[in-house]
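The values are calculated or read from the model by the stated rules, or taken from the named source; none is laboratory data. Keep in mind the model is a prediction, meaning the values are calculated, not measured. Positions of Cβ are backbone-derived with ideal geometry, glycine not excepted, and every protein chain shown enters the neighbour counts. Keep in mind that these areas ignore ligands, DNA and RNA; they rest on the heavy atoms of the full protein, side chains included. Shrake-Rupley method; radii C 1.70, N 1.55, O 1.52, S 1.80 Å.
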Amino acid sequence: MSVLTGPDPTPRTTSATSALSPFSPAGIAACVRRVREPAHLVTGPDGRERGLTTRRPPDTTPRGTTPPGATPPGTAPPGTTLLGTLPPLYPEWLGGRTFCEAHGVRFPYVAGEMANGITTTAMVAAMARAGMLGFFGAGGLPVDEVERAVRALAAELPDRDNWGVNLLHSPAEPALESGVAELLLRHRVPRISASAYMELTPAVVLCSARGLRRGADGRVLRARKLLAKVSRPEVARAFLSPAPPDLLRALVDQGRLTPQEAELAGLVPVADDITVEADSAGHTDNRPLAALLPRIAGLRDELAPRFGYRQAIGIGAAGGLGTPGAVAAAFALGASYVVVGSAHQTATEAGLSEEAKAMLRGADVADVTMAPAADMFEWGVRLQVLSRGTMFAARAARLYRAYQEYDALEALPASLRAVLERDVLGASLDEVWERTRAFWEVRDPSQLTRATTDPKHRMALVFRWYLGSSSKWAITGDPARRADYQIWCGPAMGAFNRWVAGTFLADPAHRSVTQIALNLLEGAAVLTRAHQARTCGVPVPAAAFRFAPRPLA
């Protein structure tokens, strides 16, 4: 599809704006904000002063259109000389055009998959209708809940394919990961975002390879698009390469792939696009985007010609993107698209309790910390969470220390057991085990079978009950467990809060996901224009690098 341009939300030029000097700070800032109009670089009579204006210099006006000695309407003051013109700039054009065309979207913007359904079907549908891409947060949910969400999205968006669902790497529950993968394939979900992978698994390779076929021009065509969220070069390499032959052979032997699909899978990368995840909420390696994205992009540029790929692989940016400046910086680094997560958790469509949203709205950039992850507890994997107003991180860390130091619940000293029951779990270990057993009897009975012969695993399941429940308490808004809320959050949330303070987006009722997205993109376009002017020698004032959110169509 072609990339469209939208209505200009910037107010039309007024006589007061027209009277501003192209060399004054106010005049330059006003011109910068009008990104959808050409910006003319001009010099003054001495040839040294540089300015910016949306009005044409007089010497570019066709002869005979105005009386001699008169200044044509809509032109810059006499004595200015045109140096060059910056063409109109639209938010749609900030990223990679091939990404927009491949995914049938207008904007290079993705609503990331916040687990446990925090990225709701309503949020995904709103993104799709706004010409963007969104992924339902399937991580942590049982297969039947994911299926209900998939059916709802398919019914609400019958004629669109710019939506998708998350496939989360689940090393502790491979059956769950495989079940979700089969579900997404069975319902023909058009886009899948694979996240938290440390290595390729049969499930993610199956999602990549199922349905591959040859087009009329000989190209390999996919049945769906797969985006892989990565934060390490070795994982990126795996997704940028064709699927390993041994995994493909095993899937063929199991009857889950045809020999033809496996053959074609050897000619294309596992992922269509790579989302580079920097310092983000949830699972993160806390990498700086400015160091990580060029590294992964360079790896893409090394591997693509080696394997002879005929289609471009987009590189997206995620993590830390809570302000227009951060979004503009990601595009300046070469990102084809941006993925936003933390800031969306306070959106009206987010599947988080009002209490938890209020806690997030009070966060600053330093109000985050790392805590053990429920789904990868035994591996010592950590994720980034809100620290302000909740004791979750400290309490979860206490459980992990106990898991490291002791081999069974029965080995816990009486004093430590009492502390954990009173200050962390809020119930006796026996009570928690009964709740844990009831949960796994439905979810995955094999976990209980293992727990009967492995006391260490039984302890891990009990401790994971607290970690898993704490995120649900934040979603449901359980007032009795407010101090235990696990709220995934990165520094971007604090930056977002400072940016929207005092604007219409400070009001929770106005904070729809589309208003957040459009304002981030509009602001990024304005800041990009300011940077363009500055690199041309224009003395752009600091005010031009600030964009205040406003209602956008």
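Worth a mention:
- Residue tally, condition more than 18 Å from the chain's Cα centre (by Cα) and either in a helix (DSSP H, G or I) or of a type in the set (A, V, I, L, M) (or both), over the stretch 340-356: 3
- Residue among Val419, Val442, Val432 that alone is crowded, with 20+ Cβ neighbours inside 10 Å and among the hydrophobic types (A, V, I, L, M, F, W, C): Val432
- Residues satisfying the stated conditions in the stretch 44-63, i.e. of a type in the set (D, E, K, R) and modelled with pLDDT of 85 or more: Glu49, Arg50
- Within the stretch 445-477, the set of residues being under 17 Å from Ala358 (Cα atoms), open to solvent by 50 Å² or more (accessible area, probe 1.4 Å) and of a type outside the set (Ser, Thr, Tyr) comprises Lys472 only.
- Condition met for Gly341 (at pLDDT below 95 and surrounded by fewer than 24 Cβ atoms within 10 Å (Cβ to Cβ)): no
- Conditions (1) within 20 Å of Ala271 (Cα to Cα); (2) at pLDDT 95 or above; number of the one not met by Ser195: (2)
- Of the residues making up the stretch 130-147, those that are of a type in the set (A, V, I, L, M, F, W, C) and open to solvent by 10 Å² or more (accessible area, probe 1.4 Å) are Ala130, Phe136, Leu141, Val143.
- Helices (runs of 4 or more DSSP H) enclosed by the stretch 191-287 - at least 1 residues per element that are of a type in the set (Lys, Arg): 233-240, 245-253
- Residues that are closer than 16 Å to Gly468 by Cβ, touching a residue at least 40 places away in the same chain (Cβ under 8 Å) and either surrounded by fewer than 22 Cβ atoms within 10 Å (Cβ to Cβ) or not acidic (Asp, Glu) (or both), drawn from the stretch 359-385: Ala371, Pro372, Ala373, Ala374, Met376, Phe377, Glu378, Trp379, Val381, Leu383, Val385
- Residues that are surrounded by 17 or more Cβ atoms within 10 Å (Cβ to Cβ) and among the small types (Gly, Ala, Ser) within the stretch 517-553 comprise Ala517, Gly523, Ala524, Ala525, Ala530, Ala533, Ala544, listed in sequence order.
- The stretch 148-170 - residue that is among the hydrophobic types (A, V, I, L, M, F, W, C) and more than 21 Å from Val204 (Cα to Cα) and, of those, surrounded by the most Cβ atoms within 10 Å (Cβ to Cβ): Leu153
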